[in-house]
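Shown next, in structure tokens, is the structure this report addresses.
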Amino acid sequence: MAQFALAFKMAIKSILSNKLRSFLTMLGVIIGIWAVIAVVGLAQGSTKSITDRLQRLGTNLIQINITGRNSNRNVTYEELQQFAEQHQDDIEAIAPTVSSSVTLKYGTNTHDTTLVGTTADYSTVRDVNVSSGRFILPIDVDYRQKVALVGTYIVKDLFNGQNPIGKKIKINGQIFTVVGVLEERANSQEQSDDDQVIVPVTVAQRLTRNAIIRNFAIKITDGNRSEAVMNYLNDFLMKIYNDSTAFRVFNTAQLLDTLNSVTQTLTLMLAGIAAISLIVGGIGIMNIMLVSVTERTREIGIRKAIGAKRRNILVQFLIEASVVTGLGGVVGIILGFVTIRVMSKLNIATAIFSIPWAVLAFTISLAIGIVFGLFPASKASRLNPIEALRYE
């Protein structure tokens, strides 16, 4: 243990005597660990954001997506309402949705956002509430009233934080009256649930020039009945389309499973790409250590001449390589943590600092020091003391 402590002190002394070279040596490791922590943090943050959004909908939500475009006819909202009435013990509410990208204008301010056309039941199905004003009413849908509800980000960006209730806005050039503000759901971030405008579905159909409704959301009374209701829906839609590829019926649990599978693969892939810089850093460490062995040949000869064993020389150089990469790992983790905090504070992106990944990254940095420092350390330990003493 005393020998190890002595070797550690000598390694630190050697690193401090060549500060610039030591920093440049660990730079590749710093960048690699920094990239891994930041990339994984972004991937996990994005996953959590989407997962929270889906979980907020609950396990009792079923989605219908009409994919067929060459059918003789398409299912209508009225037909699905009749289906819901036939299964009223299982189905609480059903809401159609028509989505499109639109441009809002208020005075001289403009804002590009997502338009959602739907009905009054959307509030029940998607658990969407208003913080002020009112939601869409059945009369708005029946009489194609040009009313709109806006998210909190739109209030901040388009109305400069002022109360928008009763104000007139233009949506793709058409005048609408703002009747409600949606409750905040995503810290008023851009391109989130707080960055959308909701209008009656009948108005959205005309605005987007799309008479066919391709998306429906159904809220069931009991999440345990999800599979049964989905089977009813599949049978009902097969009678209309006679083609199972013309539609998709799925629930939030299936979406979460698919999302987790995809994001795990994506996280590993991105971390692997970022880790390439660690390998580059390791090669740089090996090159610098080889130069260090050549420069310190005479020192190694003197140590061997006064009794240092091959093991002592090997351990010293391995410790030097490990300390360099370990310090680089610590600095990289700190930079990754700071990057994640800054992105979160400035609402640039949702990112999470992962302690398990930080520990893994630090362990990998130490392993790189050992693996890439082994050859230079072995070369140093095999030097002949007589030849080393003669080296100029």
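The values are calculated or read from the model by the stated rules, or taken from the named source; none is laboratory data. Note that this is a predicted model, so its numbers are computed, not measured. Using ideal geometry, Cβ is built from the backbone for each residue, glycine included, and neighbour counts are taken over all protein chains shown. Ligands, DNA and RNA are stripped out before the accessible areas are found, and what is left, the full protein with its side chains, is counted by its heavy atoms. Shrake-Rupley method; radii C 1.70, N 1.55, O 1.52, S 1.80 Å.
Output ³J(HN,Hα) for segment 222-232: one whole-Hz value per residue in order, computed from phi by the Karplus curve 6.51 cos²θ - 1.76 cosθ + 1.60 with θ = phi - 60°, and x for Gly and Pro.
Going residue by residue, I get 9, x, 6, 9, 4, 4, 5, 5, 5, 5, 4 Hz, with x marking Gly and Pro.
What FRET efficiency do you get for V262 and Q88 if R0 is 30 Å and r is their Cβ-Cβ distance, rounded to the nearest 0.05?
Computed FRET efficiency for V262 and Q88 comes out at 0.25.
If you average 1/r over every pair of different alpha-carbon atoms in segment 68-245 and take one over that average, what Kirkwood value in Å do you get?
One over the average 1/r among Cα pairs gives 17.3 Å for segment 68-245.
Against the longest alpha carbon principal axis of the chain, how many degrees, from 0 to 90 and to the nearest 10, is the axis of helix 355-381 turned?
30 degrees
If r is the Cβ-Cβ distance from R134 to I276 and R0 is 56 Å, what FRET efficiency results, to the nearest 0.05?
The pair R134/I276 has a calculated efficiency of 0.55.
Students sometimes get this wrong: rank K13, K168, K146 by accessible area, probe 1.4 Å, all chains present, largest first.
Numbers: K13 155, K168 125, K146 90 Å².
These residues rank, largest area first, as K13, K168, K146.
Taking N as the number of residues in the chain, what is its Cα Rg relative to 2.2 N^0.38 Å?
Computed over Cα atoms of the chain, the ratio equals 1.49.
Please report the carbon-and-sulfur percent of the accessible area for the chain; probe 1.4 Å, protein heavy atoms only, DNA, RNA and ligands left out.
Values: 11630 of 20410 Å².
The nonpolar share, carbon plus sulfur, comes to 57 percent.
How about K9: which lysines have a C-alpha closer than 25 Å to its C-alpha, ignoring those fewer than 8 places off in the same chain?
Within reach: K19, K304, K309, K379.
Excluding residues on the same chain fewer than 8 positions from K146, give the lysines whose Cα lies under 27 Å from its Cα.
Once the sequence-local lysines are set aside, what remains near K146 is K105, K156, K167, K168, K170, K219.
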